[in-house]
1. Can you tell me the Rg and Dmax of the stretch 60-112, counting just the alpha carbons, in angstroms?
2. Rounded to the nearest 0.05, what FRET efficiency is calculated for R368 and E288 with R0 set to 30 Å and r the Cβ-Cβ distance?
3. For N321, what is the net charge nearby, where nearby means another residue's Cβ is under 9 Å from its Cβ and Lys, Arg count +1, Asp, Glu -1?
4. Return the single residue from N310, N325, N239 with maximal mean-square fluctuation; model: Gaussian network over the chain, springs between Cα atoms under 10 Å.
5. Pulled fully out, how much extra length does the chain show between E78 and Q50, if you take 0.36 nm times their separation in residues and subtract their Cα-Cα distance?
6. Gain in length, K407 to N296, computed as 0.36 nm per residue apart minus the alpha-carbon separation, to one decimal in nm?
7. Where in the chain are the DSSP H helices whose alpha-carbon span along the long axis reaches 20 Å or more and whose Kyte-Doolittle mean is at least -1.0?
8. In the chain, what % of DSSP beta bridges are antiparallel (nearest 5)?
Amino acid sequence: IRQPEKLQKVEITLADCLACSGCITSAESVLVTQQSQEELLRVFQEKITQQNMGSTDLKYIVVSLSVQPVLSLAQRYELTPEQTLRKLAGFFYKLGADAVLDMTVADDFALLEAAKEFVERYRANKESIKNQLPMLSSSCPGWVCYAEKTHGNFILPYISVTKSPQQIMGSLVKYHFAENMGLPPEQIYHVTVMPCYDKKLEASREDFYNQQKETRDVDCVITSIELEQMLNKDGLILNEIDEGEIKQPFGSYNKEIENKLWGHSGSGSGGYADFIFRYAAKNLFDEEDVVVDFKNLRNPDFQEAELKRNDQVLLKFVIINGFRNIQNIVQKMKRGKCVYDYVEIMACPCGCLNGGAQIRPEGNIQPRELASILENAYHKLPLSKPEENKVVQNLYKTWLGGEHTDKVGAYFSTQYHEIQKMNTALAIKW
C-alpha cells in the first residue's frame, strides 16, 4: 500500500501578507520566519560558530531599542527605565550583539521631518496649489496597511510620507553607521525591539529593501513579549543581568545624558500631534511657546486641540487611537466633513504604550490601567527636544548636506501603494 505523502508545511512570508487584501488585521497568525526570536538566536549562534572557526567575515549585529518596550519591561521587572535600558543592552551583548542603541535620534528626525512636511502641505493648501490636508500620521504600520488595503488611492495622498522612527533608524544604521565603520550595509544585521507585531510587517515592505545591496534597513523585529520569552527560556531575570553601554555612533551627547531613556512631550506614541502643533504654530503663525491642550471628546482615544487667535481657529489637531475611531475619521473625510488639519493615528487603543506585543497585564490589572501606568512613566522621562538635538543638527549638516536635500528624501521618506481587493472568500468582511 502506498503511504500517503507527508504534506509540506505552508509558509507565508511577510511580503505575501502585505501583498494580499484578504484581511486587515495584524499578522500575528502568519508564520513570520524572518522576524522571529528563533531566527535572531540562529543569527547570533551562527556568528559565534564562525568566530570559533576563525572567520573574519562576520555579521556586525546592531540592536535598536524603542522606548515603549523598555517601559513595558521596566514595569514587568520593577526596574527604573534607565536600569532596564542598560540591562537590555547587557542581555544583547551577552548574546553577541556588537552595538546596542537607543532610538532618540531617529525619533527626533521623524518628528522634525513630519513637522516640516506639515508646514509645506499647509502652505500649499492655503495657496490652492494642492489640497493634502488633513495630514495623517504614518508611524503606525497597522494603520498604513489598513489604509492601503481598504481605502487605497482615496486616502494615501493624505498620509505623511515621513518614515517611521524604526525605518529612519534603519537608514541611519545601514547607511551612516555602516559607512563610518567601513562596512557594507549588507554586513550589518539590524534588530529593532518594538511594541507591536505590525512593525515586522513594516520592516518587510519592499520599499525598505535595497535591491542592489540585497539588504533590508531592518533585518529583524523583536517585540516586548518575545524579549520576555527569550529571557524566560534562558532562565534569566532581567534584574540580575549586568548592565551594558548604550553606544552613541551618530555623535556624542554630554556624558551626563548618555545611557538615559528619553521621551517626548505629548502622547506615548511619540508625541507627533504635540510637536507638529507647536512647530506649526511657530513657523506658520509666529506663536512661540504654545501650550498644547488636548481635550478628550467622545472617549480618551479621541483628543482634540486648537490654536486660536481672537476667537479664530488657526489650527485644529486630533489624536485618534483604535480602529473604530479610525473608521469614523475616514468616513468624515470621504463626506468632506473632516475639520482637522492634522491627525495622529495609532491602530491600538491607548496608542503604542498599549501595543499589541507589549507585555500583558498580570493579576487584576486591566489593559487600560496598565497603559495608564506606562503613560505616567513615559511622562516622567527626560524630554528630548528635536529642534535642540545637536546630534541631529550635525547629521543634517554633515552626512545629509542640509535639511532639504535629495539625501534627506531618500533616507527619511517613503511611498504607499494601493492594494487591489481580492475577490475571494478570504476578502469577505464579516
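We did not get these values from a lab; they are worked out from the coordinates using the rules stated. Keep in mind it's a predicted model, so treat the numbers as computed, not measured. Ideal geometry is used to build each Cβ from the backbone, glycine not excepted, and the neighbour counts take in all protein chains shown.
1. Both quantities, over Cα of the stretch 60-112: 11.8, 35 Å.
2. 0.25
3. Here the charged neighbours net out to -2.
4. Largest GNM mean-square fluctuation: N310.
5. 6.3 nm
6. Computed gain between K407 and N296 is 36.0 nm.
7. 81-95, 104-126
8. Of the beta bridges lying entirely in the chain, close to 35 percent run antiparallel.
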